[in-house]
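Presented below is the structure to which this report refers.
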Amino acid sequence: MAKDKIRRPRAETPKGFRDYFGAEVTARAAMLRRIAEVYHAYGFDALETSGVETVEALGKFLPDVDRPNEGVFAWQEDTETDKPGDWLALRYDLTAPLARVYAQHRNDLPTPYRRYAMGPVWRNEKPGPGRFRQFYQCDADTVGAPSVAADAEICAMLADTLEAVGILRGDYIVRVNNRKVLNGVMEVAGVLDPSDPEKFTTERGIVLRAIDKLDRLGTDGVRMLLGEGRKDDSGDYTQGAGLGADQAEVVMGFMEARRDTAEATLARLRELVGTSQIGAEGVDELETIAGLLAAQSMGPDRVVIDPSVVRGLGYYTGPVFEAELTFEILDEKGRPRQFGSVAGGGRYDDLVKRFTGQAVPATGVSIGVDRLLAALAAKGRGAEEAQGPVVVTVMDRDRMADYQEMASELRAAGIRAEVYLGNPKNFGNQMKYADRRGSPVAVIEGGDEKERGVVQIKDLILGAQIAQNATLEEWKDRPSQIEVPRAELATRVKAMIEGQSS
């Protein structure tokens with residue numbers, strides 16, 4: 001009888017997830033550090049929350065879903081009683097956890113409370129090219145400040161942050177709008193009836209998500225979503241808002257209200273909101289934000305008023321903003337397109353109210369770190385490949401303590417170093433290992449060197465260059481391996497590494 005075949009697990013990442021290796025992790029850490037420096041300079045304090053929240057605390061705010069368990073990775077806790085266990089979920093953003101934290105600890109926190117948070121979030125959505133189910137976000141929020149001065153500050157900080165991480169002025173724009181203006185336009189045009197709050201919230205959400213997809217779907221795709229709905233290339237159908245053709249054109253007209261100057265755009269918006277009180281309030285807030293940004297020298301080359309920005313999340317209640325990269329890249333088919341949005345946010349005055357019953361003003365921004373890294377790489381301004389460690393080779397197994405001592409001395413001098421821990425029998429394999437690690441220098445000490453109190457240090461960067469390009473005379477003039485006194489090991493290795501970068 002044949003033995004049952006052993007079924008081994010497949011060594012592959014789950015769909016919509018990916019692994020990150022050394023240089024990628026290092027580049028992300030460097031970017032997070034630069035972003036944190038800007039947030040810190042603006043007076044924000046760090047906060048770290050759990051990656052898991054109750055589904056109830058997260059709420060029904062995720063884009064493109066109507067129920068919280070759609071769009072999140074959720075599970076129900078076991079319970080030993082007759083009472084069902086809580087539903088828990090991985091957080092889908094860093095804002096909903098902040099609302100819970102502020103409601104829970106508000107008596108111990110200053111008002112306003114200014115915090116920044118960085119970490120992974122998870123969304124159980126359909127993955128696609130460059131669209132993963134786990135990604136990093138970098139948020140900054142002010143809770144307890146009703147003035148739109150807080151929104152203006154967030155916009156200014158966002159512009160400063162983009163430049164701090166390497167996005168040049170002229171390669172980005174921060175676009176600002178106000179949800180109240182859109183509500184006013186829809187109220188005056190009879191598109192939605194705010195007297196039916198539940199229907200208003202549902203239909204408005206569909207309209208907002210449709211407008212938010214303008215960059216990806218274009219005007220025709222948005223018109224379909226404002227009407228009966230749209231089927232994508234894969235056959236998936238998205239329900240529309242059910243607006244008539246005339247009503248859809250009213251919304252499209254609002255999206256196209258941007259003019260050459262902030263003043264002209266605001267004037268056009270005042271025309272559109274007509275007698276709507278909420279709409280006029282939104283225009284007034286945009287006017288205040290524009291003035292505050294101008295006072296900080298945030299001109300139209302950095303921040304603009306743009307009615308086409310609405311943001312898809314349903315919890316925004318006032319100003320909304322989005323950072324868009326304006327340079328072109330080539331898509332997977334070699335066609336030019338703009339890189340698009342890398343950050344967004346807005347005011348969400350009702351989010352904490354879900355917990356406390358009292359309205360608490362709040363505003364904030366979220367930066368997509370992975371998209372920013374991809375943008376810098378597309379512009380050829382990504383982080384340089386991380387330099388590997390100095391490799392101390394092993395010529396004699398019995399002298400491992402000597403080699404570990406060398407590596408320890410190098411580390412004490414601020415030099416990244418390791419001892420080769422593979423099979424030392426074949427020295428060529430040690431050099432191949434150092435090459436794969438991107439090592440700048442290899443240290444060699446055999447029995448003869450040990451007796452004479454010297455070591456050999458090999459410049460692996462120069463050696464590779466010489467092997468490719470140098471003439472015989474250059475090879476003789478610039479030896480890639482030198483012998484130095486053992487006592488000068490750290491000093492000479494450090495000088496060699498510094499010489500490689502000069």
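Once you list every other residue whose beta carbon is under 15 Å from the beta carbon of Tyr136, what net charge do they have if Lys and Arg are +1 and Asp and Glu are -1?
Result for the local shell: +3.
Using +1 at the C-beta of Lys and Arg and -1 at the C-beta of Asp and Glu, which of Tyr113, Ala407, Val273 has the Cα lying farthest in the positive direction of the dipole of the chain?
Ala407
Hey, which of these cross-link pairs are over 27 Å Cα-Cα: Lys15/Lys231; Lys5/Lys432; Lys126/Lys353; Lys425/Lys450; Lys5/Lys126?
Long pairs (Cα-Cα over 27 Å): Lys5/Lys432; Lys126/Lys353; Lys5/Lys126.
Any chance you could give the angle, 0 to 90 degrees and rounded to 10, that helix 214-226 forms with the longest Cα principal axis of the chain?
Roughly 30 degrees, rounded to the nearest 10.
Roughly what angle does helix 22-41 make with the longest principal axis of the chain, taking Cα atoms, 0 to 90 degrees, to the nearest 10?
50 degrees
Assigning unit charges at the beta carbon (Lys, Arg +1; Asp, Glu -1) and nothing else, what dipole magnitude in debye, to the nearest 20, does the chain show about its Cα centre?
1180 debye
For the chain, what is one quarter of the convex hull surface built on the Cα atoms, given in nm²?
The number I arrive at for the chain is 36.6 nm².
On average, how much accessible surface per residue is there in the chain, in Å², for a 1.4 Å probe, leaving out ligands, DNA and RNA?
53 Å²
The values are calculated or read from the model by the stated rules, or taken from the named source; none is laboratory data. Values in this document were obtained by computation on a predicted structure and should not be read as measured data. Cβ atoms come from the backbone with ideal geometry, glycine included; neighbour counts cover every protein chain shown. Side chains included, ligands, DNA and RNA excluded: accessible areas come from the protein's heavy atoms. Shrake-Rupley method; radii C 1.70, N 1.55, O 1.52, S 1.80 Å.
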